Amino acid sequence: WSVPAMSASTRESLPTTCFSVQACSEPSVMSRVLELFVKRGLVPTRIVSDVSGPADDLLTIDIQMRGLEPELAGYMARCMRQLAYVDCVLTSERGTVPDARTG
C-alpha cells in the first residue's frame, strides 16, 4: 500500500481515522504499531499512550490520522491486530467540522 501525495488543505477536509490499541505493556509494542505508519510515509495527527492496570501491565495507544483512505485504515487495523502482545484494536472515523468562514 502506498499513499498518494495530498495537499494539506485536501487532507484537512477529509475525515480522521481513530485507532485505539489495547496491548500488554511491552517495550516493542509502540514502535511496531508506529512502524505501520512509517512504512507508508505517514505522520499521525495525534498519538497518546497510557500505561495502566494493577501491575502497570496494560498499554493503550490512541492514534488519530487525518485523511486516511478507509481501505488503508482497515488494512492497517488488521495488521495491528496481528502484532505480538496486541489484544484489541478498535477503529472509528470522525468527520470534519465545517469552517465557520466557509459556511
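In table form, for the structure just shown:
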quantity	calculated
Residues located in the range 44-83, provided they are open to solvent by less than 50 Å² (accessible area, probe 1.4 Å), closer than 18 Å to residue 22 by Cβ, part of a loop (DSSP other than H, G, I, E, B) and of a type in the set (Gly, Ala, Ser)	53
Meets criteria (touching a residue at least 12 places away in the same chain (Cβ under 8 Å), touching a helix residue (DSSP H, G or I) at 6+ places or on another chain (Cβ under 6 Å) and either open to solvent by 40 Å² or more (accessible area, probe 1.4 Å) or farther than 17 Å from residue 92 by Cβ (or both)) for residue 36	yes
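The values are calculated or read from the model by the stated rules, or taken from the named source; none is laboratory data. These numbers come from a predicted model, not from an experiment. Counting neighbours? That spans all protein chains shown, and the Cβs are built from the backbone with ideal geometry, glycine included. These accessible areas exclude ligands, DNA and RNA; they are computed on the full protein's heavy atoms, side chains included. Shrake-Rupley method; radii C 1.70, N 1.55, O 1.52, S 1.80 Å.
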